[in-house]
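S.K.: Mind looking over this structure? Questions follow.
The values are calculated or read from the model by the stated rules, or taken from the named source; none is laboratory data. As the structure is a computational prediction, the values presented were derived from the model and not from experiment. Glycine gets a Cβ as well: all are built from the backbone with ideal geometry, and neighbour counts include every protein chain shown.
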Ligand code: GLN
């Protein structure tokens, strides 16, 4: 049914870069047979899933939305992909994304933009717009995304889906093509909180192949979601509205739906207070130095020798000429912009002024989180300042594009988990609005139980 749905709508939505029809059918049939033979299978066995193209898959091309990796089929599966297969989910294909996950609209994909299923003239958010659009357009019930500065939560919000950025280190990054290694986290996109929790249970946990993977034993997130849905009470929970992540610059319909949702929290028995995190004001500035710095280093491996594309300059040339011609042809404008920014910020003489300062701001943001979390259990804000904007609207204005990440970036800089849930449509444009909750590191279960209560 999902393959039929993809065949019917994906020409318009363009959520997928690759659809693995035959493999998906074969996997599904094999699982059906085992089930018919009486084998006891896991809770998500047979459930189709879409996979963001930033994740390495041994049987499908993995391009990260870039021309430099066009047609590249990795020699191994990302750990999360391996875990999906072990749990008998059915990979449907690979989803579109901004090139190397740099962007907030999926317009920076080298393979053309994804369209928002709610209004095809609009962007689905980014960088994981393909995963969110696939879920919202009923092309897949579940998807995997990656969130470095909001790329799971913001597209979820803009498409009326649920999206979770786990605690940093909670889900393996092995085989996730790196954008900024100290910020990247893989996580679920779904239509309900319980679905996201079930998927998180499958993909989470320690991985010796990821040096920043936590060794914690995690509780069942599905159990947390189920208990939230049953209890329907937030008594005893203290929730802080983040003063810095609302107000001026937020679309009126976003603010209205956000305030209504906050009223529901109070009705459900939560103690809701306002908290202030003054250094969040500098989060975007710090992020857009730290991210390009790490990205420029991570992208150095695309050197025309080891991966994907190789362009030979006319008339031949040195190894460096080949490398330079390949990177010139293989990388898009946004990627080049960030490589230039990153190498500049890291260069001798500028390191302290830019990268060093940004790291100090990151510490201040982490301290802000620690301070407010000593008083409240969970933080709340809108997931994004606006609803889905029109294709092309912010494409020529990188700064306007970056500002859309205002609400999601702080969680990545501090490594804390965040969830975005749909809270209705903005009255002025009829487009989905998301609410974001953030919890202290390792308290992902709290978000699932709270999310399921509100749902
Ligand atoms: N929009 C952010 C950026 O462009 C988020 C990226 C991400 O989370 N992958 O960097």
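S.K.: Mind listing whichever residues of the range 173-211 are in a loop (DSSP other than H, G, I, E, B) and either within 15 Å of the ligand (Cβ to nearest atom) or within 22 Å of residue 48 (Cβ to Cβ) (or both)? Don't jump to the end; show me each part of the working.
M.R.: So in the range 173-211, the residues in a loop (DSSP other than H, G, I, E, B) come out as 173-175, 177-184, 191-192, 205-211.
Those that are in a loop (DSSP other than H, G, I, E, B) and either within 15 Å of the ligand (Cβ to nearest atom) or within 22 Å of residue 48 (Cβ to Cβ) (or both): 173, 175, 177, 178, 179, 180, 181, 182, 183, 184, 191, 192.
S.K.: Tally the residues that are within 16 Å of the ligand (Cβ to nearest atom) and touching a residue at least 60 places away in the same chain (Cβ under 8 Å), restricting the search to the range 117-128. Before the answer, list the steps.
M.R.: If we filter the range 117-128 for residues that are within 16 Å of the ligand (Cβ to nearest atom), which is where we start, we get 123-128.
If we keep only those that are touching a residue at least 60 places away in the same chain (Cβ under 8 Å) as well, we get 123-125, 127-128.
Residues in the range 117-128 being within 16 Å of the ligand (Cβ to nearest atom) and touching a residue at least 60 places away in the same chain (Cβ under 8 Å): 5 in total.
S.K.: Would you check if residue 440 is more than 16 Å from the ligand (Cβ to nearest atom) and not in a helix (DSSP H, G or I)?
M.R.: When the stated conditions are applied, residue 440 passes them.
S.K.: What residue, among those in the range 133-144 that are farther than 19 Å from residue 433 by Cα and part of a loop (DSSP other than H, G, I, E, B), is nearest to the ligand (Cβ to nearest atom)?
M.R.: 140
S.K.: Could you run through the range 154-172 and say how many residues are near the ligand (Cβ under 10 Å from one of its atoms) and either surrounded by fewer than 24 Cβ atoms within 10 Å (Cβ to Cβ) or within 21 Å of residue 91 (Cα to Cα) (or both)? Show your work before the answer.
M.R.: Filtering the range 154-172 for residues near the ligand (Cβ under 10 Å from one of its atoms) gives 154-155, 165.
Checking which are either surrounded by fewer than 24 Cβ atoms within 10 Å (Cβ to Cβ) or within 21 Å of residue 91 (Cα to Cα) (or both) leaves us with 155, 165.
Qualifying residue count for the region: 2.
S.K.: Here is a follow-up. List the helices (runs of 4 or more DSSP H) inside the range 261-370, counting only whole elements, that have at least 3 residues being within 22 Å of residue 438 (Cβ to Cβ) and in contact (Cβ under 8 Å) with a residue 60 or more places away in the chain. Even if it seems obvious, please write down each step before you answer.
M.R.: Numbers: elements: 283-298, 319-330, 333-346.
In the range 261-370, 283-298 are the helices (runs of 4 or more DSSP H) which contain 3 or more residues that are within 22 Å of residue 438 (Cβ to Cβ) and in contact (Cβ under 8 Å) with a residue 60 or more places away in the chain.
S.K.: Considering only the range 145-153, I want to know if a residue exists there that is on the phi > 0 side of the Ramachandran plot, within 16 Å of the ligand (Cβ to nearest atom) and crowded, with 24+ Cβ neighbours inside 10 Å. First the steps, then the outcome.
M.R.: Of the range 145-153, the ones on the phi > 0 side of the Ramachandran plot are 150.
From what's left, within 16 Å of the ligand (Cβ to nearest atom): 150.
When the remaining residues are screened for being crowded, with 24+ Cβ neighbours inside 10 Å, the result is 150.
Among the residues of the range 145-153, at least one is on the phi > 0 side of the Ramachandran plot, within 16 Å of the ligand (Cβ to nearest atom) and crowded, with 24+ Cβ neighbours inside 10 Å, which makes the answer yes.
S.K.: Then there's this: Give 112, 46, 93 a once-over and let me know the one that is more than 13 Å from the ligand (Cβ to nearest atom), closer than 23 Å to residue 5 by Cα, at pLDDT 95 or above and not in a loop (DSSP other than H, G, I, E, B).
M.R.: Values: 112 fails: not in a loop (DSSP other than H, G, I, E, B); 46 fails: not in a loop (DSSP other than H, G, I, E, B).
Of 112, 46, 93, the one residue that is more than 13 Å from the ligand (Cβ to nearest atom), closer than 23 Å to residue 5 by Cα, at pLDDT 95 or above and not in a loop (DSSP other than H, G, I, E, B) is 93.
S.K.: Let me confirm something: among 421, 406, which residue is in a strand (DSSP E or B) and in contact with a helix residue (DSSP H, G or I) (Cβ under 9 Å, 6 or more places away or on another chain)? Break it down stepwise before answering.
M.R.: Numbers: 406 fails: in a strand (DSSP E or B).
Result: 421 is the single residue among 421, 406 that is in a strand (DSSP E or B) and in contact with a helix residue (DSSP H, G or I) (Cβ under 9 Å, 6 or more places away or on another chain).
S.K.: Going residue by residue through the range 201-218, is there one that turns out to be buried (at least 19 other Cβ atoms within 10 Å of the Cβ), touching a residue at least 24 places away in the same chain (Cβ under 8 Å), touching a helix residue (DSSP H, G or I) at 6+ places or on another chain (Cβ under 6 Å) and closer than 14 Å to residue 450 by Cβ?
M.R.: No, there is no match, as no residue in the range 201-218 is buried (at least 19 other Cβ atoms within 10 Å of the Cβ), touching a residue at least 24 places away in the same chain (Cβ under 8 Å), touching a helix residue (DSSP H, G or I) at 6+ places or on another chain (Cβ under 6 Å) and closer than 14 Å to residue 450 by Cβ.
S.K.: Also, quick follow-up: If I filter the range 100-108 for residues that are in contact (Cβ under 8 Å) with a residue 24 or more places away in the chain and away from the ligand (no atom under 13 Å from the Cβ), do I get at least one hit? Please lay out each step first, then the result.
M.R.: Of the range 100-108, the ones in contact (Cβ under 8 Å) with a residue 24 or more places away in the chain are 100-108.
With the extra rule that they be away from the ligand (no atom under 13 Å from the Cβ), the set shrinks to none.
No, because not a single residue in the range 100-108 is in contact (Cβ under 8 Å) with a residue 24 or more places away in the chain and away from the ligand (no atom under 13 Å from the Cβ).
S.K.: Could you please find all residues in the range 18-41 being within 21 Å of residue 120 (Cα to Cα) and touching a helix residue (DSSP H, G or I) at 6+ places or on another chain (Cβ under 7 Å)?
M.R.: Restricting attention to the range 18-41, the residues satisfying the condition of being within 21 Å of residue 120 (Cα to Cα) are 18-19.
Listed by number, the list holds a single entry, 19.
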